1. Which one is surrounded by the most Cβ atoms within 10 Å (Cβ to Cβ) among residues in the stretch 240-261 that are at pLDDT 80 or above and assigned to a strand (DSSP E or B)?
2. Of the residues Val216, Val149, Val165, which is more than 20 Å from Thr288 (Cβ to Cβ), of a type in the set (Val, Ile, Thr), at pLDDT below 90 and open to solvent by less than 20 Å² (accessible area, probe 1.4 Å)?
3. Return the total of residues in the stretch 278-297 being touching a Pro at 6+ places or on another chain (Cβ under 8 Å) and closer than 18 Å to Asp200 by Cβ.
4. Just one of (1) at pLDDT below 80; (2) open to solvent by 50 Å² or more (accessible area, probe 1.4 Å); (3) in a helix (DSSP H, G or I) trips up Ser319, so point out which.
5. Mind listing just one residue for me: the one in the stretch 184-211 that is more than 15 Å from Thr282 (Cα to Cα) and touching a helix residue (DSSP H, G or I) at 6+ places or on another chain (Cβ under 7 Å) and, of those, surrounded by the most Cβ atoms within 10 Å (Cβ to Cβ)?
6. Could you list, in sequence order, all residues of the stretch 155-190 that are assigned to a strand (DSSP E or B), in contact (Cβ under 8 Å) with a residue 60 or more places away in the chain and of a type outside the set (Phe, Trp, Tyr)?
Amino acid sequence: SMDTKENPEEVAKITRTRELKISEGELQVDARDIPPGSFSNFFWLFSGGDSIRAKVWGTNRIESTRYTLYNFLPKNIFEQLWPWTKPANFYFLIIAIMQGIPAISTTQGKPTILLPLLFVVGVTMIKDWIEDSKRRAQDRQANEAKYQVYRNGNWRTIMSQDILVGDFVLIPEDGRVPCDIFVMGSGTENGDIVFVDTKDLDGETNLKPKHVPSFVLDNFPETRTNQDNCETVNLKIQCDDPDEEGFTDMGEWKGQIWLLKSDRRFEDTKAYVNIENFILRTCVVRNTPWVIGIAVYTGDDTKILKNQAKTAANLKTKSSTVSKHMNYGFLCMFCLQVIVCSFAAIAAGFYHARLRGNRTEGWGD
């Protein structure tokens, strides 16, 4: 068993050297154990639940809110008056400003359009605040949910937001999976299968089976049906990096696992694993007394949150058909007004110039 204590703030980043320092101990790492290229998310698991990560990943805390208490007012007002997102509001803001200039105002310098504009902006602001408050409450509920993880040779209860990459996580029946996990064992008769409900992911109500890899069953049979034998697990996991292109494909995942020998060298043989051995965040365990999994992706690195972030980024450039027609109408109206006002201003200029010329000629006579 490794004598070092887990300290998330001091977890060392691995480099392409032959020596990796972590806390009080040192681990000799052969350069061939550091994978080049695609599989850049990898970490070691040692007896007692200790782990060394290839990079310092974040915790499992999530924040899906758009605003904070400090930036809500300026950010929301900016979003509502920005011409590329709310052209209608921007148009009426320009009209209100022009109405406030007595020389060109048709309302005696009173911005009469400002009151309905403020009403629309205010109602939208209240709606955005309520929606963001609901998201904040949902985030708090998810972050503060209690789970059991195996650390330093013992099971301990922690909040979901404190789960780290490499933790053994125990999820009971009807429990929601807090992060993306690699299946290591279950409470079924043979301990080799888990049934999960993926309704929140794909809308399908039928249960999907997930399997413990035969490599794990053969080398760590005691974890198959026993929750207390995680300390015998010594392996390395190597899998997709969450920042890679294509990671957001919810039906795709691949990885490799190595067995760690007694001298802390890895066996030459390895096993390939895939999505059938992987349970995604928000899935619910069904018809299975319990499941033990290794946290592979946490927080914003989980597939569902990466997918949501990608979708939100795409939605910024999209709008509904009604909004497109309305924006097009405002654009046409604005261009028409610019043309009419420009023509009227030019005509007025010629008229006043001619009028001044006539007056000058009259004075000369």
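1. Ile257
2. Details: Val216 fails: more than 20 Å from Thr288 (Cβ to Cβ); Val149 fails: more than 20 Å from Thr288 (Cβ to Cβ).
Sole residue among the options that is more than 20 Å from Thr288 (Cβ to Cβ), of a type in the set (Val, Ile, Thr), at pLDDT below 90 and open to solvent by less than 20 Å² (accessible area, probe 1.4 Å): Val165.
3. 3
4. Among (1) at pLDDT below 80; (2) open to solvent by 50 Å² or more (accessible area, probe 1.4 Å); (3) in a helix (DSSP H, G or I), the lone unmet condition for Ser319 is (3).
5. Only one residue fits best here, namely Gly185.
6. The first filter runs over the stretch 155-190 and keeps only residues assigned to a strand (DSSP E or B), leaving 155-159, 168-172, 176, 180-186.
Cutting the leftovers down to in contact (Cβ under 8 Å) with a residue 60 or more places away in the chain gives us 155, 168-172, 176, 180-186.
Within the stretch 155-190, Val169, Leu170, Ile171, Pro172, Arg176, Asp180, Ile181, Val183, Met184, Gly185, Ser186 meet the criteria.
The values are calculated or read from the model by the stated rules, or taken from the named source; none is laboratory data. As the structure is a computational prediction, the values presented were derived from the model and not from experiment. Cβ atoms come from the backbone with ideal geometry, glycine included; neighbour counts cover every protein chain shown. When the accessible area is computed, the model is the full protein with side chains, heavy atoms only, and any ligands, DNA or RNA have been set aside. Shrake-Rupley method; radii C 1.70, N 1.55, O 1.52, S 1.80 Å.
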